[in-house]
């Protein structure tokens, strides 16, 4: 006899089907007690939510068994699906769901045999098992669908949250990059703008210096102003350089050089600050010539920063030591002082930008907190490293620079082009000074006249071209940032004029980065000076104006 499910479904079992329909409440009561005993930890809400659908389920099971031979409509599967969905919503596990149906099967079979007072026939047991299996399958499918839908919703929610979080992080990172870029651009602009008012002050100091007043009482305040202007210039240079480093615009111009050239130049620049506080400076260098492959101006800048820092943070009359020694293939430069020292809390962050010790009112000379950051970066660019050490507050500090020694034959070091030029008579030149800041133009013109030159001034591009066409200067000191027609346009116009094509054009600006230098070179400038102009640079330029190198 066939056991095909369709055949089994077509068979009529009125007796057992009727029992299930008539005695549903008794069966469910037995099932409920037994299920609670066998699964005491399952989340049971039988009478409030779960039990009501089981009534419908058992009734439809009974109808399916007692119906005629019409094709099975599967109504009990629909009820079982709702049962599975309820179990999922009420926190059941899948194993608890299946075990629940197994308990129901046992209770149903036992009750049928008890009611019939006999054992079920083979086909009756198969018919009951078939409809219960179908119910279990439908209930489990709906349970897993609810679970999968929930998991999918969670995953979609988590994915959306992750996407939103990554979007926020990208936006925050972009905002930080934009803020950092704008900060660096602002610092560069600030440095440029601060250089403009310093230019006439420095020019006026040089005028006073050339006048050589007989009254010695005037010499002291002039030296004080000169020293402080130099300090401000150094701070502005550091501010400009640290912004360029952050923007990745600093490049070294290395060349073989002797250590003594760098040390001598650094000591010469830092000497006024050291002498002003009556410090004793001791310099100890190794015998012979130690050669470095270095950017002379940048390594000088590093040593100047360390020496002026030592001077600032050492009480008056203190001691500063600058020493160098060769250890294997490295040069070790050390700057040590007897000053206020560095606390253990600050020491690990001493090279971070804007890091400083807390200052009391008597320590107000702290500076910007960027000199050491700049020093570390420049040393790193040279392939070296820099370290700081201190025994603590009041114990002084030491900065050690480690640089690779260049394997270059030692030759006599050529005289630096920035050394103080000869004090011999300078040929008289016709010079045009163009600057929209009148104080800067007039003080520089006065300084040049004191040096024996014929000078004219202009405060805008149009008047500069008009004056130049009549005056035919040999050299033009031209500010780039002019209103209206800027200095680059003025230079291009002058180069197109037949009578002005061969004049020497010198860019005068607060900007010194490579991009600005390229633009001035493209516009036809022969040289590039940074405000405030150093008198030695200007003197050298004038005396060698027939050999001025292109920027």
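The values are calculated or read from the model by the stated rules, or taken from the named source; none is laboratory data. This one's a predicted model, so the numbers in the text were calculated from it and none came from an experiment. Neighbour counts are summed over all protein chains in view; Cβ atoms, including those assigned to glycine, are modelled from backbone coordinates with ideal geometry.
When the range 270-283 is filtered for residues that are at pLDDT 90 or above and under 18 Å from residue 302 (Cβ atoms), the ones remaining, listed by number, are 274, 281, 283. Residue 540 meets the stated requirement of being assigned to a helix (DSSP H, G or I), under 44 Å from the mean Cα position of the chain (by Cα), closer than 30 Å to residue 231 by Cβ and at pLDDT below 85. Restricting attention to the range 391-421 and to residues that are in contact with a strand residue (DSSP E or B) (Cβ under 7 Å, 6 or more places away or on another chain) and in a loop (DSSP other than H, G, I, E, B), the residue that is modelled with the highest pLDDT turns out to be 396. Just one of the numbered conditions (1) free of Cβ contacts under 8 Å to residues at least 40 places away in the same chain; (2) surrounded by fewer than 18 Cβ atoms within 10 Å (Cβ to Cβ) is not true of residue 210: (1).
Here's the yes/no breakdown for (1) part of a helix (DSSP H, G or I); (2) within 27 Å of residue 20 (Cβ to Cβ); (3) within 37 Å of the chain's Cα centre (by Cα):
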residue	(1), (2), (3)
136	yes, yes, no
151	yes, no, no
154	yes, no, yes
158	yes, no, yes
166	yes, no, yes
183	yes, no, yes
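Screening residue 383 against (1) at pLDDT below 90; (2) touching a strand residue (DSSP E or B) at 6+ places or on another chain (Cβ under 7 Å); (3) on the phi > 0 side of the Ramachandran plot leaves a single unmet condition, (1). Restricted to the range 318-339, and to residues there that are in contact with a strand residue (DSSP E or B) (Cβ under 8 Å, 6 or more places away or on another chain) and part of a loop (DSSP other than H, G, I, E, B), the residue that is farthest from residue 382 (Cα to Cα) is 318.
Okay, residues lined up against (1) assigned to a loop (DSSP other than H, G, I, E, B); (2) surrounded by 14 or more Cβ atoms within 10 Å (Cβ to Cβ):
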position	(1), (2)
478	no, yes
484	yes, no
506	no, yes
511	yes, yes
515	no, no
522	no, no
528	no, yes
532	yes, yes
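Here the range 211-223 is the region considered, the condition is being in a helix (DSSP H, G or I) and modelled with pLDDT under 75, and the residue that is nearest to residue 306 (Cα to Cα) is 223.
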